[in-house]
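The values are calculated or read from the model by the stated rules, or taken from the named source; none is laboratory data. Here the structure is a predicted model, which means the values were calculated and not measured. No Cβ is skipped: glycine too gets one built from the backbone with ideal geometry, and neighbour counts run over all protein chains shown.
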Amino acid sequence: MTKTNMNNELMTNPLVLVIGGLLLLLIVLGIIRAFMPTFSAGLGVNAHFGTIKGGVNFEAFDNQNKPCFVIFKADWCGHCQRTMPEFQKLMDEKMNNVEVITVDSDQQPDLIKEHGVQGFPTIRLYPQGLSNKDTFEDFQGERTLNGFKTFLQRIMNTN
């Protein structure tokens, strides 16, 4: 077999073409990400994270500036276990002006660290979205559905 025939076989091999295409895609996405830091194709460590009732697409929040009301929790935390039923009620309401999400310390330890969470539960409103981790308002109120709604109404009306 000549060198030319071997090169032709390699270039027509479907596996080589797929791997080459994926490498090219990763390079293009890397270049785009360098110039547009908020761009994401869903290819990241935090691409998806879950809630108590199922998956939530993190990238959908990461790329939007929509306010996010977030509970950072741990399954072993008693305070979290008592708070989650009330927080879940708020999540079930599907509010239009704010995303209500859960971040689990076991499933997203990097996200917990990135946001400087020291204790559980930590409940915060990120008025400019979860990706703007430096701008947030800590929730210190009553951990009930009414307490969460009152806090959100007060903050969202003043911002």
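When segment 78-115 is filtered for residues that are over 22 Å from Leu152 (Cα atoms) and either outside the structural domain of Cys68 (by TED's automatic domain parsing) or over 15 Å from the mean Cα position of the chain (by Cα) (or both), only Gly78 remains.
Conditions (1) surrounded by 14 or more Cβ atoms within 10 Å (Cβ to Cβ); (2) in a helix (DSSP H, G or I); (3) β-branched (Val, Ile, Thr); (4) modelled with pLDDT under 95, marked per residue:
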residue	(1), (2), (3), (4)
Pro85	no, yes, no, no
Lys89	yes, yes, no, no
Met95	yes, no, no, yes
Leu111	yes, yes, no, yes
Leu125	yes, no, no, no
Phe148	yes, yes, no, no
